Amino acid sequence: MRREIHSWYSPALNKEMEIVIYGHFGDALLLLPTAAADYLEYERFMLIDAIADVINGGKFKVFSINSINSESWLNSKMHPRHKAIRHQQFNRYVTEEVVPFIKKMTSEETPIYTSGASLGALHSANLFFRRPDLFAGTIAMSGNYDLSTYTKGYYDEDVYFNSPEHYLQGLNDDHYLPKIKSSKHIYILTGSGNYETPEATQRFSALLNSKGIPHELDIWGPDMGHDWPTWRAMLPHFLETRF
C-alpha cells in the first residue's frame, strides 16, 4: 500500500499539522481521529489494514489528519469560550487547507467523504452537514451528535453551529438542505454493546428523518462495543457494500 506523510504550518491553527495518505486512486475518504488522538491513530489500531482492499483496489484514497480536541473540548483547563474559538479554527483548517490539499492530490471532481469514530464521528458528521458543498457524505460511527455533551453546560453560538443535533433542527434554507438531501452516502452507525449509546444515534436519525434527509441508520448488536473491533468491522463493510 502506498503511504505518504505530508505536513505544513497551518495558518488557521498556528501550528504544524501532519496528514497521512494511503493509496493511489479513488474517491477521497477523510478520517477524523477519536478523542485527542493523532493522524496515525487509525493506522496504529489497524483500521487502515481493515480497509486495505478498498485502498489497494483503487476505490478510495484515504487521508487522515490530526485532532486538536486536546486544545479544545477535551482541555479541562481551557475556558469554554476559547474552546469554541479553537474548534472554529479547526474547521477553517479542514475547509481552507485540507480540502484544497485533497483536491490537489486527487482532482477537483473527486468526491470527499468524511468518517470517524466516537468524537471523530461528531466531527465527521459536523463537517459534512455544515459544508455539503465540499463533502459528499459521511460514515459516522458510534457518535453523539449533541456537542453540548462535551461542553459541560457551556453554550454559545459556536457550540450551536457545531452541534448537528441543534443546528439541523432549524435548517430550512433552499441552499444547504437540498445539497444535504442529495447525498446518497449518509451512514449513521453504532454498536449496542459496552460503552455505546445507541439512543444518541437513534435520536439523531429521527432528526434526520424529520428533515427529510435520506440516510442509513445501522445499529449493530450487543457484542459490538465502543471500541476498535467494532469500527474495524463497520468501516470496511460500508466501504465495500455501499460504494
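The values are calculated or read from the model by the stated rules, or taken from the named source; none is laboratory data. Bear in mind that the values here come from a model prediction, so they are computed numbers and not experimental data. Positions of Cβ are generated from backbone atoms using ideal geometry, with glycine treated the same way; all protein chains shown enter the neighbour counts.
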Can you run down the residue pairs with Cβ atoms below 6 Å, 6 or more apart or on separate chains, where the first is in segment 12-25 and hydroxyl-bearing (Ser, Thr, Tyr) and the partner is surrounded by 13 or more Cβ atoms within 10 Å (Cβ to Cβ) and assigned to a strand (DSSP E or B)? TYR22/VAL62
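Looking at ASP38, ASP49, can you tell me which residue is within 28 Å of LYS184 (Cα to Cα) and of a type in the set (D, E, K, R)?
ASP49
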Segment 102-113: number of residues that are closer than 21 Å to ALA12 by Cβ and within 17 Å of the chain's Cα centre (by Cα): 2
Filter segment 118-165 for residues that are under 10 Å from the mean Cα position of the chain (by Cα), among the aliphatic types (A, V, I, L, M) and over 18 Å from ARG203 (Cβ atoms) and give the result. LEU127, ILE139
Among the numbered criteria (1) within 28 Å of ASP227 (Cα to Cα); (2) out of contact with any Pro (no Cβ under 9 Å at 6 or more places or on another chain), which one does GLN89 miss? (1)
At least 1 residues that are among the β-branched types (Val, Ile, Thr) and either surrounded by fewer than 20 Cβ atoms within 10 Å (Cβ to Cβ) or in contact with a Leu (Cβ under 7 Å, 6 or more places away or on another chain) (or both) in each: list the helices (runs of 4 or more DSSP H) lying fully within segment 95-187 that qualify. 99-105, 157-160
Got at least one residue in segment 127-136 being in contact with a Lys or Arg (Cβ under 7 Å, 6 or more places away or on another chain) and modelled with pLDDT of 95 or more? yes
Check segment 183-198 and report whether any residue there is in contact with a Pro (Cβ under 8 Å, 6 or more places away or on another chain), of a type in the set (A, V, I, L, M) and on the phi < 0 side of the Ramachandran plot. yes
Which residue pairs have Cβ atoms under 9 Å apart, sit 6 or more places apart or on different chains, and have a first residue in segment 131-155 that is more than 18 Å from PRO214 (Cβ to Cβ) and a second that is of a type in the set (Asp, Glu)? SER142/GLU196; SER142/ASP227; ASN144/GLU165; ASP146/GLU165; LEU147/GLU165; SER148/GLU165
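On the given criteria, is THR230 touching a Gly at 6+ places or on another chain (Cβ under 9 Å) and polar (S, T, N, Q)? Write out each step before concluding.
Working: touching a Gly at 6+ places or on another chain (Cβ under 9 Å): yes; polar (S, T, N, Q): yes.
Answer is yes for this residue.
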Considering only segment 89-113, state which residues are touching an Asp or Glu at 6+ places or on another chain (Cβ under 6 Å) and either of a type in the set (Asp, Glu) or under 14 Å from ILE68 (Cβ atoms) (or both). none
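Within segment 188-233, work out how many residues are assigned to a helix (DSSP H, G or I), of a type in the set (D, E, K, R) and either under 16 Å from the mean Cα position of the chain (by Cα) or buried (at least 19 other Cβ atoms within 10 Å of the Cβ) (or both). Let's see the steps before the verdict.
Step one: filter segment 188-233 for residues assigned to a helix (DSSP H, G or I), giving 198-210, 228-233.
The next check asks that each one be of a type in the set (D, E, K, R); those that pass are 199, 203, 232.
With either under 16 Å from the mean Cα position of the chain (by Cα) or buried (at least 19 other Cβ atoms within 10 Å of the Cβ) (or both) added as a condition, the list becomes 232.
Looking only at that region, the number is 1.
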Which of the residues belonging to segment 40-66 are buried (at least 20 other Cβ atoms within 10 Å of the Cβ), free of Cβ contacts under 8 Å to residues at least 60 places away in the same chain and touching a strand residue (DSSP E or B) at 6+ places or on another chain (Cβ under 7 Å)? TYR42, ILE48, ILE55, LYS61, VAL62, PHE63, SER64, ILE65, ASN66
